[in-house]
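The values are calculated or read from the model by the stated rules, or taken from the named source; none is laboratory data. Only a predicted model underlies this, so the values are computations on that prediction, with no experimental measurement involved. Methodologically, a virtual Cβ is constructed for each residue, glycine included, from the backbone with ideal geometry; neighbour enumeration extends over all protein chains shown. These accessible areas exclude ligands, DNA and RNA; they are computed on the full protein's heavy atoms, side chains included. Shrake-Rupley method; radii C 1.70, N 1.55, O 1.52, S 1.80 Å.
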Amino acid sequence: MNWEIFLAPYTQAVDELKIKLKGMRKQFDYESRHSPIEFVTGRVKPISSILDKAKRREIAMSNVEEEVQDIAGLRVVCPFVEDIYDVVDMLRLRKDFTIVEEKDYIEKNKESGYRSFHVIIHYPVETIYGEKRLLAEIQIRTLAMNFWAINEHTLNYKYSGQIPKDIKQRLKSASEAAFRLDEEMSKIRQEIRDAQEIFRRKKD
């Protein structure tokens with residue numbers, strides 16, 4: 001397989017989706033409204049990670065395009081848990097891609113403690129050979145969830161997916177603490193939004 005040719009449309013998809021999702025955030029800024037989006041990042045899955053996932057899930061290389069959903073990955077980070085669902089509602093209204101699956105790991109978090117909302121989409125990319133529809137994954141989470149997930153990912157890498165039992169337990173406890181923080185911040189979110197609005201008016 002020529003990986004450069006294979007991954008080129010995914011790189012294009014990530015670049016385009018980053019611009020579009022960041023554009024959603026800017027629209028709230030232009031209207032001086034609270035933005036449910038704090039920041040947006042994106043990446044194309046490294047070749048080694050694609051191969052590891054295919055091997056782990058027994059996916060034939062000929063089926064990678066259809067069965068590995070996160071080769072193109074976007075991450076939308078939100079201030080509050082409620083903002084996550086606002087972003088999901090906005091994504092459902094868009095006409096430039098099709099949602100094929102939603103996975104709510106906030107209402108029902110993973111055993112590890114992982115929390116996030118995943119939206120799997122079919123995204124059309126224009127290539128020199130015409131339109132190509134790719135699978136892409138948009139992860140939507142709070143700042144606290146993102147902090148936890150980044151560190152869990154780092155530990156998984158360090159221990160090759162075999163995190164020691166005591167560290168796993170601590171990670172799970174940290175996940176619960178992070179979610180309690182999100183819940184407490186949600187209770188005062190209107191106060192925070194009011195303060196942000198006062199700051200914005202003073203800056204203008």
**OP:** With runs of 4+ DSSP H residues as the only contributors, calculate the mean residue ellipticity of the chain at 222 nm using -39,500 (n - 2.57) per run, divided by the residue total and rounded to the nearest 500.
**Re:** -17500 deg cm²/dmol
Subject >> Derived scalar couplings ³J(HN,Hα) [the stretch 120-137; Karplus, 6.51 cos²θ - 1.76 cosθ + 1.60; whole Hz; x for Gly, Pro] >> reply: 9, 10, 9, 10, x, 10, 8, 10, 5, 9, x, 6, 10, 9, 10, 7, 9, 10
Original post:
When N counts the residues of the stretch 3-143, how does its alpha-carbon radius of gyration compare numerically with 2.2 N^0.38 Å, as a ratio?
Top reply: 1.08
Original post:
Each residue of the stretch 43-56 in order: what ³J(HN,Hα) in whole Hz does its phi give by Karplus 6.51 cos²θ - 1.76 cosθ + 1.60, θ = phi - 60°, with x for Gly and Pro?
Top reply: 7, 9, 4, x, 4, 4, 6, 5, 5, 4, 5, 4, 5, 4
Subject >> Solvent-accessible ranking of 34, 118, 153, largest area first, probe 1.4 Å >> reply: 153, 34, 118
Original post:
How much of the accessible area of the stretch 3-143, in percent, comes from carbon and sulfur atoms when a 1.4 Å probe is used?
Top reply: 50
Original post:
By accessible area of protein heavy atoms, probe 1.4 Å, what ranking do 157, 123, 105 get, highest first?
Top reply: 157, 105, 123
Original post:
In nm, what is the difference between 0.36 nm times the number of residues separating residue 95 and residue 154 and their Cα-Cα distance?
Top reply: 17.7 nm
Original post:
Where both residues lie in the stretch 3-143, what percent of DSSP beta bridges are antiparallel, nearest 5?
Top reply: 75
Original post:
Could you give the dipole magnitude of the chain about its Cα centre, charging the beta-carbon of Lys and Arg +1 and that of Asp and Glu -1, in debye to the nearest 20?
Top reply: 500
Subject >> J(HN,Hα) series, the stretch 77-83, from Karplus relation 6.51 cos²θ - 1.76 cosθ + 1.60, nearest Hz, glycine and proline x >> reply: 9, 10, x, 10, 4, 4, 5
Subject >> Accessible area per residue, Å², the chain with all protein chains present, probe 1.4 Å >> reply: 61
